[in-house]
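Working notes, beginning with the structure itself.
The values are calculated or read from the model by the stated rules, or taken from the named source; none is laboratory data. All values reported here derive from a predicted model rather than from experimental measurement. Cβ coordinates were reconstructed from backbone atoms using ideal geometry, including for glycine residues, and neighbour counts include every protein chain displayed.
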Amino acid sequence: MSTNSKALIIGSGIAGLALSVRLAVKGYKVQVFEANAYAGGKLSEREQDGFRFDAGPSLFTMPHFVSELFEIARKNPSEHFKYKRLEVACRYLYEDGLEVDAFADQNAFRKELSEKFGESEKSVEKFLKKSREIYSITENVFLNKSLHKLSTYLNAGTIKSMMQLYKLQIYSSMYKANSQFFKNERTVQFFNRYATYNGSNPYKAPATLNVIPYLENEIGAFFPEGGMYNITKSIYRLAKSLGVEFNFNMPVEEILIENGKAKGIKVDGEKLESDLVISNMDMVSTYRRLLGKHKAPERLLRQEKSSSALIFYWGMNKTFPQLDLHNIFFSNDYKKEFDAIAAGKSIDDDPTVYVNISSKYAPNDAPEGAENWFTMINVPNNQGQDWDALIAEARENILHKVSKTLYTDVKKLIVTEAILDPRTIESKTSSAQGALYGNSSNTPMAAFFRHPNFSGKYKNLYFCGGSVHPGGGIPLCMLSAKITADIISKSN
Ligand SMILES: Cc1cc2nc3c(=O)[nH]c(=O)nc-3n(C[C@H](O)[C@H](O)[C@H](O)COP(=O)(O)OP(=O)(O)OC[C@H]3O[C@@H](n4cnc5c(N)ncnc54)[C@H](O)[C@@H]3O)c2cc1C
């Protein structure tokens, strides 16, 4: 396909934005149509009563995937997007007063787990070595390439990785693998939590997900200058500078198919033609709403979705020196918490509470003497539960737990509040059932059953984002855009 071919992208989530940059760099004329009034989808922000909150993602890993977009556009990333590595990736607080810091410094981290959990430093080192090994095997097979193109399997790197797949412990759960590694239940819980980074359940998800600690503990956790929304803003600005045209408040109504080819989209009642159509909208919603006249790949669509989240954005009129940017208040019975999520109907009465306070690093996010608390728990995805009742109950349980651990009645300190729940995640971003990460990774083969980055049925129709290969979370969404751009280049 010649340069100046026209590409229409549906959605300006982080993957849609990244893909718009990649296609513009390749010479495509790119137009993005976004249903919301703003860019970023889940990676957006909200302001209220003098507080600014990052609305969705709060943990930033693999920042080089963002920098790469500036590099391919021949710009110096550090002039456009700044971030710094955190010295403590996360602080863990327990009701009995124990506090554990996940230090970026590897020696300090091993020492901390040894002192606080009684694990041998050698066990921690061995575990992280295994995590690194899983990454080195999976990056060639699952992460950097399409799983659905023959060329992927003809590559020497992939063949080498395929021969080592047995090392990935696909058929062991994370919980089982971690229990064999560590003697203290608290260490097991500490590393099990990484399953939630893609909305999975550590008691079901394959031990392959033990790759995640490598990303956070060895490559690092980062904070973008000015907050997470600056990731969206900087890529959006880059795309605009490359000539990408953005159309907000423009929900796409249909993908036009003619003779087995995507020919364009229908938006605001008007038909727009293009050479390529790429959906960054959740793939279930894409089939149900934009391709409703056509047969859908039902088996792919029916797969279990990841868990969702309940978030309270609380402006607190006090600062808490004992808290850091990322804080976890662990539940006392992790299995019970995940059983409730798996059952789908309720929320455990002692949930693990995550509190993110961006004003620790971006003081303008809260008034002086105050903090912006993004308080989140994992909850089942939306199956029509009585959310109002569940939210009211969960709010009390969260406040009780945090107050008990901090020896402070935090309820009294809330000066402003907003709530995001599975219903609003679904309505704001079209994510099926309000899932945060598309399909769950709770089965051994889940990674192989994600929707490809292209349509197997219609030519010129492509997909990118957290609901398709390789999965959700900012790093994987960035890779998804890269894989889709590569496939487009090779096919046209
Ligand atoms: C509360 C929360 C916490 C999270 N925490 C983290 C974290 O700490 N770290 C991390 O890496 N990830 C995290 N994630 C996951 C991460 O946010 C997502 O995986 C990622 O942002 C998804 O990006 P995406 O490109 O798939 O698109 P989305 O963000 O899902 O955006 C899709 C876009 O398509 C638009 N759209 C939908 N339908 C149409 C239509 N018909 N026409 C036009 N536009 C349409 C939507 O409006 C939206 O803007 C979190 C998510 C949430 C919600």
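Restrict the check to the stretch 342-358 and report whether at least one residue is closer than 20 Å to Y92 by Cβ, of a type outside the set (A, V, I, L, M, F, W, C), within 18 Å of the chain's Cα centre (by Cα) and in a helix (DSSP H, G or I).
Among the residues of the stretch 342-358, at least one is closer than 20 Å to Y92 by Cβ, of a type outside the set (A, V, I, L, M, F, W, C), within 18 Å of the chain's Cα centre (by Cα) and in a helix (DSSP H, G or I), which makes the answer yes.
Quick one: in the stretch 182-204, of everything that is part of a loop (DSSP other than H, G, I, E, B) and at pLDDT below 95, which residue is farthest from the ligand (Cβ to nearest atom)?
Initial filter on the stretch 182-204 (part of a loop (DSSP other than H, G, I, E, B)): 182-184, 199-204.
When the remaining residues are screened for being at pLDDT below 95, the result is 183, 199-200.
Details: K183: 30, G199: 8, S200: 13 Å.
Here the residue is K183.
Could you grab me the full set of residues in the stretch 146-177 that are more than 26 Å from T484 (Cα to Cα), assigned to a helix (DSSP H, G or I) and not aliphatic (A, V, I, L, M)?
If the condition is that a residue be more than 26 Å from T484 (Cα to Cα), assigned to a helix (DSSP H, G or I) and not aliphatic (A, V, I, L, M), then Y166, K167, Y175, K176 are the ones that fit.
Scanning for something surrounded by fewer than 22 Cβ atoms within 10 Å (Cβ to Cβ), touching a residue at least 24 places away in the same chain (Cβ under 8 Å), more than 29 Å from R85 (Cβ to Cβ) and of a type in the set (G, A, S), does the stretch 344-360 turn up at least one residue?
yes
Looking only at strands (runs of 3 or more DSSP E) that fall completely inside the stretch 209-291, which ones have 3 or more residues that are closer than 24 Å to L23 by Cβ? Break it down into steps so the answer makes sense when it comes.
On the way: elements: 222-224, 245-247, 252-258, 261-267, 270-273, 276-279.
Strands (runs of 3 or more DSSP E) meeting the threshold: 245-247, 252-258, 261-267, 270-273, 276-279.
Cβ contacts < 8 Å: first residue more than 10 Å from the ligand (Cβ to nearest atom), restricted to the stretch 414-430; second residue among the charged types (D, E, K, R) and outside any helix (DSSP H, G or I), any location; separation 6+ or different chain. Result?
Once the first residue is more than 10 Å from the ligand (Cβ to nearest atom) and sits in the stretch 414-430, its partners that are among the charged types (D, E, K, R) and outside any helix (DSSP H, G or I) give V415/D49; T416/D49; A418/R46.
Enumerate the pairs (first residue in the stretch 11-30 and in contact (Cβ under 8 Å) with a residue 24 or more places away in the chain and buried (at least 24 other Cβ atoms within 10 Å of the Cβ); second residue anywhere and assigned to a helix (DSSP H, G or I) and polar (S, T, N, Q)) with beta-carbon separation below 7 Å, excluding pairs fewer than 6 apart on the same chain, so at least 6 apart or on different chains.
I14/T232; A15/S480; L17/T232; L19/T484; V30/S20
Which residue, of N247, N327, is modelled with pLDDT of 95 or more and either among the hydrophobic types (A, V, I, L, M, F, W, C) or within 11 Å of the ligand (Cβ to nearest atom) (or both)?
Values: N327 fails: either among the hydrophobic types (A, V, I, L, M, F, W, C) or within 11 Å of the ligand (Cβ to nearest atom) (or both).
Step by step, each of N247, N327 is checked, and only N247 is modelled with pLDDT of 95 or more and either among the hydrophobic types (A, V, I, L, M, F, W, C) or within 11 Å of the ligand (Cβ to nearest atom) (or both).
Out of (1) more than 13 Å from the ligand (Cβ to nearest atom); (2) assigned to a helix (DSSP H, G or I), the odd one out for L476 is which?
Evaluating L476 over (1) more than 13 Å from the ligand (Cβ to nearest atom); (2) assigned to a helix (DSSP H, G or I) leaves (1) as the failure.
Report every pair of residues separated by at least 6 positions or lying on different chains whose Cβ atoms are under 7 Å apart, first residue within the stretch 280-291 and among the β-branched types (V, I, T), second assigned to a helix (DSSP H, G or I).
Once the first residue is among the β-branched types (V, I, T) and sits in the stretch 280-291, its partners that are assigned to a helix (DSSP H, G or I) give V284/L301; V284/A432.
Test T408 against the stated conditions and say whether it is farther than 27 Å from I474 by Cβ and either outside the structural domain of Y197 (by TED's automatic domain parsing) or outside any helix (DSSP H, G or I) (or both). First the steps, then the outcome.
Numbers: farther than 27 Å from I474 by Cβ: yes; either outside the structural domain of Y197 (by TED's automatic domain parsing) or outside any helix (DSSP H, G or I) (or both): yes.
In short, yes.
Mind checking which residues of the stretch 26-62 are away from the ligand (no atom under 11 Å from the Cβ) and more than 21 Å from I10 (Cα to Cα)? Outline the logic, then answer.
Initially, the stretch 26-62 is screened for residues away from the ligand (no atom under 11 Å from the Cβ), giving 26-31, 45-52.
Correct list: R46, E47, Q48, D49, G50, F51, R52.
Answer yes if at least one residue in the stretch 255-269 is within 16 Å of the ligand (Cβ to nearest atom) and touching a Pro at 6+ places or on another chain (Cβ under 9 Å), and no otherwise.
yes
What is the one condition in (1) touching a residue at least 60 places away in the same chain (Cβ under 8 Å); (2) surrounded by 14 or more Cβ atoms within 10 Å (Cβ to Cβ); (3) more than 9 Å from the ligand (Cβ to nearest atom) that E273 does not satisfy?
Checking E273 against (1) touching a residue at least 60 places away in the same chain (Cβ under 8 Å); (2) surrounded by 14 or more Cβ atoms within 10 Å (Cβ to Cβ); (3) more than 9 Å from the ligand (Cβ to nearest atom), the one that fails is (2).
Please state which of the following conditions L301 fails to meet, knowing it meets all the rest: (1) in contact with a Lys or Arg (Cβ under 9 Å, 6 or more places away or on another chain); (2) within 15 Å of the ligand (Cβ to nearest atom).
Here L301 clears every test but (2).
Restricting attention to the stretch 8-19, does a residue exist that is part of a loop (DSSP other than H, G, I, E, B) and assigned by TED's automatic domain parsing to the domain that holds I231? Spell out how you get there, then give the answer.
Initial filter on the stretch 8-19 (part of a loop (DSSP other than H, G, I, E, B)): 11-12.
Retained after the next criterion (residues that are assigned by TED's automatic domain parsing to the domain that holds I231): 11-12.
Checked the stretch 8-19: at least one residue is part of a loop (DSSP other than H, G, I, E, B) and assigned by TED's automatic domain parsing to the domain that holds I231.
With respect to L69, is the statement that it is hydrophobic (A, V, I, L, M, F, W, C), out of contact with any helix residue (DSSP H, G or I) (no Cβ under 6 Å at 6 or more places or on another chain) and surrounded by 19 or more Cβ atoms within 10 Å (Cβ to Cβ) true?
On the way: hydrophobic (A, V, I, L, M, F, W, C): yes; out of contact with any helix residue (DSSP H, G or I) (no Cβ under 6 Å at 6 or more places or on another chain): no; surrounded by 19 or more Cβ atoms within 10 Å (Cβ to Cβ): yes.
Taking the combined requirement at face value, the residue does not satisfy it.
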